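Visitor: Starting off with a structure, shown below.
The values are calculated or read from the model by the stated rules, or taken from the named source; none is laboratory data. Small disclaimer: the values here were computed from a predicted structure and weren't measured. Note that each Cβ is placed from the backbone with ideal geometry, even for glycine, and that neighbours are counted across all protein chains shown. We work out accessible area using only protein heavy atoms, side chains counted, and drop any ligands, DNA or RNA first. Shrake-Rupley method; radii C 1.70, N 1.55, O 1.52, S 1.80 Å.
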Amino acid sequence: MAMSDLTIIGRSLTGRMFSTVTTVVTVAVAVGLMFVLLSLRDAGRQAFERGSGNMHLIVSADTSPLVSVLNGVFYANAPQRPITWERFRQIADDGRVEWAIPNQQGDSFQGLPVLATTPQFFTHFTPAPGEPWRLAEGVFFEGPFDLVLGARAARLTGLRVGDEIHLTHGRSDARAGGAPAHVHYDFTYRVAGILEPTGSAHDRAIFSDLRASWIIHAHDRRRALDPNSPRPTEADLTDDDRLVTGVYLRCVTRGGAATSPLVPVVASELRRDPSIVVAEPKAEIDKLFTIVSNVDQVLLAMAAVVMVSSGIGIMLALYNSMEQRRRQIAVLRVLGASRPRIFGLVLTESAVLGALGAAAGLGLGLLGAQAAAGVMKERLGLVVLPSLPLDWMVVMAAATVVLASLAGLVPAVMAYRTSVARNLRPIG
Amino acid sequence: MGETPALRIDGLRFAYRAGEPAVVEVGSLALARGEQMLLTGGSGRGKSTLLMLIAGLMEPDAGHVVVDGQVVHALHGAKRDLFRGRAIGMIFQTFNLLHGFSALENVMAALMFSPVPKREHRERAGELLKRLGVERVHAKPEELSVGQQQRVAVARAVACGPALVLADEPTASLDPENAANAMDLIQTACRDAGAALLCVSHDPSMAERFERRASLDELSSAVPA
C-alpha cells in the first residue's frame, strides 16, 4: 500500500502513544459523561412515571400534592394523617370515578414499607399502563392475613411463599440500628404470593389486606385502653377503625383512553375539601423534574466544561508534539508537501483524535449508562432503559470532531508556518 | 537547440534583511542533465541557503532559478511544492529520514507527492532500495547503520526521477572511508537516474571527485567554466 496522509497521521499518533491514549481517554470521558446524562435524563423521568401506572389522581391527607405522590407512590414516608372511611366512600361513590382503591401505610417489615390495600389494587390498578401485576409464585390475597411481596422485597427479606412473619408498627428498622419498634406479635401474616418485578418503587413494598391492617390497629388502640380487651374481628370494626392514608383514583374514561376530561373536574372539586390533598402524579413528577432539571443543567454544563477541557488537551498534545515534528514537517515540505497540505495533516490528526475520543466515549457512555441503570434498578428499584436517539449520537460525535478540529487550529497554523530552512540543519 | 539544462541560475541575490550584505550572490550558473558539480565554501558562506533558494524554499531578492526549464519562483504555493517534489531531490548531512517510518516508507514518502501512480510506489521504492544495497527495507532508520541510512536518503532523493539532486554536506559527519563510499553512492545513483548533482561541501578532499567545481566567491561574480 502506498503512503498516504492517513499513514502519516496514524504513525504520528502511534509514535507518541501515551499522549494519544491520554488525550483520547480525556475526550472519551467527556463524551461518555455527556452521553450518560443525556440518555438517562428522559429515561429517568419515564422510570419515575411508572409507579403511578393507570391511576389519574392520588388522594391523601398529606401536606402537599408532591409529598402525597412521594409517599403514596414512592413510599418515601408513611403518611401521618388519615382520611376517614366516610370521606373515602364519598369519593369512591362519585359516578365519575371508575375506581378508587383505598390504602393504608404505617407498618413495615425489616424497614420495607407495607401497603395495606384491597384486592382491587391487583385487579384494577396497574403499576405501569398496560402492564398488569404478574405473580412470580403463589397467589394474591386469599385471607385477610395474607401478604404479597414485591420482587425486590422478596429478594431483600429472603421470604418465600408460605413463610410466616409479624409486621412492625411504623417504619423503624431495629435490624438496621433503628429504635426498637412495636411489633404486632398478636397477628401472624403468611406470605401468599411474590410478584414479578415491575420496575417501579412498588417492587420494594409488601402488600397486605386492608381489613387485617384495620384489625391489628383497632386491637392496638383497644388494648391501650383496656389490656384485657379481646382480639377484634372484622365484624367488630367500626368506621373509626377503617382509616385510610391514601386513595388511588381513576376517573371514567372513554373506550379505555389513558386520560379523561373528568380528571381536572373531579380534582378541582376534591380540592375544595381542605382536609385532603389531591395530586396528579404525572404533573407532580413533572414538577419534581423541573426542580431537578437545575441540577441536571449544572451536570450538563460540567460535562461541557470537561469537553472543552479535552479540546484544550488535544491542542496541548499537538502543540507539544510540534517541537519534535518540525523536522518531519520540513522534510515533508522538501519532498513536495505544500503548506496547506501540512496544515490539513495536523488538523486531520486533531479531528482523528476527536473521532477516536467520540467513538470511545459513546461506547463508554453506553456502558456507563447501563451501569447507572443497573445501580438505579438495584438501589431504587427503578427500571431505567438508557436510550439516546441515533441522530443525537451523530450530533455528539460530529460536535466532538468539530471541537477537536478547532483545537487543532493553533498547532496546524504552527505547522503551516514551519520554516524548512531553519528546521533541516543550520544554515551554512 | 541543445537539451534543457537541469539547472540555470541568473543574477541570484539573497540577503536576510534589506540593506544587509547579500548572503547568496550568484551571477550565472548552468548545469546540464547528468552533470555533477561541487560547490565549496566555508561555514556560514550561504551554501545551504543557496540550495534552499534553488529548491524554492526561500524567496530570492533578485534573479532567476530555472530547474528543468521551469522558473522555480514563478510557481507559487502548492504548484511550486509539487514541482520541487517531482524535479528536485535533496540529500542532507544528517539524512533527515522520517523517524517512525521504515526505509521503504521513507522512499515512498517522496513518491506521495509525485505524479507516479500510487500502485507503483511500493514496487518502485523497493527496487530502488535493493539496487542501492538496502536489504532491510522494513527496518526503521534508527535500526539501520549510518551507511544504510545514507543509502535510504539517496534512494529517497532520486525516487521521483528528478532533474536535479542537491546534496548539502552529505559526508560531513562521516569518516574519510565512509565519506568516500557515500559519495560513490550518491554520484552513481545520480548518474543512473540521469540527474544533475549539485553538491555543496566545505571538505576540500571532495574536489577530485568532480570535474566541475567552484567556490561561492567565484560564483558571485563570474560564470564558472
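Residues checked against (1) more than 9 Å from chain A (Cβ to nearest Cβ); (2) open to solvent by less than 20 Å² (accessible area, probe 1.4 Å); (3) in contact (Cβ under 8 Å) with a residue 12 or more places away in the chain:
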position: B:P115; (1), (2), (3): yes, no, yes
position: B:K118; (1), (2), (3): no, no, no
position: B:H121; (1), (2), (3): no, yes, yes
position: B:L129; (1), (2), (3): yes, yes, yes
position: B:G133; (1), (2), (3): yes, no, yes
position: B:R136; (1), (2), (3): yes, no, yes
position: B:A139; (1), (2), (3): yes, yes, yes
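Visitor: Right, something else. Note down all Cβ pairs under 7 Å where the first residue falls in the range B:184-204 and is within 14 Å of chain A (Cβ to nearest Cβ), the second is in a loop (DSSP other than H, G, I, E, B) and surrounded by 24 or more Cβ atoms within 10 Å (Cβ to Cβ), and they're at least six residues apart or on different chains.
Guide: Every condition considered, the pairs that remain are B:C199/B:P170.
Visitor: Next up: Looking at the range B:143-159, can you tell me whether even one residue there is open to solvent by 20 Å² or more (accessible area, probe 1.4 Å), in contact with a helix residue (DSSP H, G or I) (Cβ under 6 Å, 6 or more places away or on another chain) and in a loop (DSSP other than H, G, I, E, B)?
Guide: Taking every residue of the range B:143-159 in turn, none turns out to be open to solvent by 20 Å² or more (accessible area, probe 1.4 Å), in contact with a helix residue (DSSP H, G or I) (Cβ under 6 Å, 6 or more places away or on another chain) and in a loop (DSSP other than H, G, I, E, B).
Visitor: Residues being of a type outside the set (A, V, I, L, M, F, W, C) and either touching a Gly at 6+ places or on another chain (Cβ under 6 Å) or open to solvent by less than 10 Å² (accessible area, probe 1.4 Å) (or both): count how many of those fall in the range A:339-372.
Guide: 7
Visitor: Separate question: Inside the range B:21-38, can you point out the residues that are in contact with a helix residue (DSSP H, G or I) (Cβ under 9 Å, 6 or more places away or on another chain), assigned to a loop (DSSP other than H, G, I, E, B) and either charged (D, E, K, R) or modelled with pLDDT under 90 (or both)?
Guide: Across the range B:21-38, the qualifying residue is only B:V23.
Visitor: Would you check if B:A110 is buried (at least 22 other Cβ atoms within 10 Å of the Cβ), closer than 30 Å to B:G41 by Cα and within 12 Å of another protein chain (Cβ to nearest Cβ)?
Guide: yes
Visitor: While we're on this one: Sort out for me the strands (runs of 3 or more DSSP E) sitting completely within the range B:162-225 that have 2 or more residues that are open to solvent by 10 Å² or more (accessible area, probe 1.4 Å) and farther than 28 Å from A:G336 by Cβ.
Guide: In the range B:162-225, the matching strands (runs of 3 or more DSSP E) lie at B:212-215.
Visitor: Another question, then. With the requirement that a residue be part of a strand (DSSP E or B), buried (at least 21 other Cβ atoms within 10 Å of the Cβ) and at pLDDT below 95, what does the range B:39-69 give you?
Guide: If the condition is that a residue be part of a strand (DSSP E or B), buried (at least 21 other Cβ atoms within 10 Å of the Cβ) and at pLDDT below 95, then B:L39, B:T40 are the ones that fit.
Visitor: Just a yes or no: is a residue in the range A:90-101 surrounded by 22 or more Cβ atoms within 10 Å (Cβ to Cβ), of a type in the set (F, W, Y) and not in a loop (DSSP other than H, G, I, E, B)?
Guide: No, the range A:90-101 contains no residue that is surrounded by 22 or more Cβ atoms within 10 Å (Cβ to Cβ), of a type in the set (F, W, Y) and not in a loop (DSSP other than H, G, I, E, B).
Each row is one residue, and each column tells you yes or no for (1) modelled with pLDDT under 90; (2) within 30 Å of A:V36 (Cβ to Cβ); (3) open to solvent by 40 Å² or more (accessible area, probe 1.4 Å); (4) outside any strand (DSSP E or B).
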| position | (1), (2), (3), (4) |
| --- | --- |
| A:D239 | yes, no, yes, yes |
| A:A267 | no, no, no, yes |
| A:I285 | yes, yes, no, yes |
| A:S293 | yes, yes, no, yes |
| A:D296 | yes, yes, no, yes |
| A:G313 | yes, yes, no, yes |
| A:S321 | yes, no, no, yes |
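Visitor: Of all residues in the range B:70-104, count the ones that are of a type in the set (D, E, K, R), surrounded by fewer than 18 Cβ atoms within 10 Å (Cβ to Cβ) and facing chain A (nearest Cβ under 7 Å).
Guide: Qualifying residue count, the range B:70-104: 0.
Visitor: Still on this structure, I have one more. What number of residues within the range A:323-338 are open to solvent by 30 Å² or more (accessible area, probe 1.4 Å) and more than 7 Å from chain B (Cβ to nearest Cβ)?
Guide: Of the residues in the range A:323-338, 3 are open to solvent by 30 Å² or more (accessible area, probe 1.4 Å) and more than 7 Å from chain B (Cβ to nearest Cβ).
Visitor: Against the definition (without any contact (Cβ under 8 Å) to a residue 24 or more places away in the chain and over 30 Å from A:T168 (Cα atoms)), how does A:P261 come out, yes or no?
Guide: Yes, satisfied.
Visitor: Filter the range A:273-283 down to residues that are small (G, A, S) and surrounded by fewer than 19 Cβ atoms within 10 Å (Cβ to Cβ) and give me whichever is nearest to A:T26 (Cα to Cα).
Guide: Per the criteria, the residue is A:A283.
Visitor: Inspect all residues belonging to the range B:10-19 and state whether any of them is on the phi > 0 side of the Ramachandran plot and within 14 Å of chain A (Cβ to nearest Cβ).
Guide: Among the residues of the range B:10-19, not one is on the phi > 0 side of the Ramachandran plot and within 14 Å of chain A (Cβ to nearest Cβ), which makes the answer no.
Visitor: Please list, ordered by first then second residue, the pairs with beta carbon atoms under 6 Å, 6 or more apart or interchain, first in the range A:202-224 and assigned by TED's automatic domain parsing to the domain that holds A:P113, second surrounded by fewer than 24 Cβ atoms within 10 Å (Cβ to Cβ) and of a type in the set (D, E, K, R).
Guide: Note: pairs meeting the criteria are A:D203/A:R152; A:R204/A:R152; A:R211/A:E234; A:W214/A:D241; A:W214/A:R242; A:A218/A:D241; A:H219/A:R231.
Visitor: Can I ask one more? Can B:A18 be described as among the small types (G, A, S), part of a loop (DSSP other than H, G, I, E, B) and open to solvent by 20 Å² or more (accessible area, probe 1.4 Å)?
Guide: Against the criterion (among the small types (G, A, S), part of a loop (DSSP other than H, G, I, E, B) and open to solvent by 20 Å² or more (accessible area, probe 1.4 Å)), B:A18 qualifies.
Visitor: Now a separate question. Across the range A:16-35, what is the number of residues that are assigned to a helix (DSSP H, G or I), within 14 Å of chain B (Cβ to nearest Cβ) and open to solvent by less than 70 Å² (accessible area, probe 1.4 Å)?
Guide: Qualifying residue count for the region: 2.
Visitor: Let me ask you something else. Let me spell it out: the conditions are (1) touching a helix residue (DSSP H, G or I) at 6+ places or on another chain (Cβ under 6 Å); (2) touching a residue at least 60 places away in the same chain (Cβ under 8 Å); (3) open to solvent by 20 Å² or more (accessible area, probe 1.4 Å); (4) not hydroxyl-bearing (S, T, Y), and A:P79 meets all of them except one. Which number is the exception?
Guide: Here A:P79 meets the rest and fails (3).
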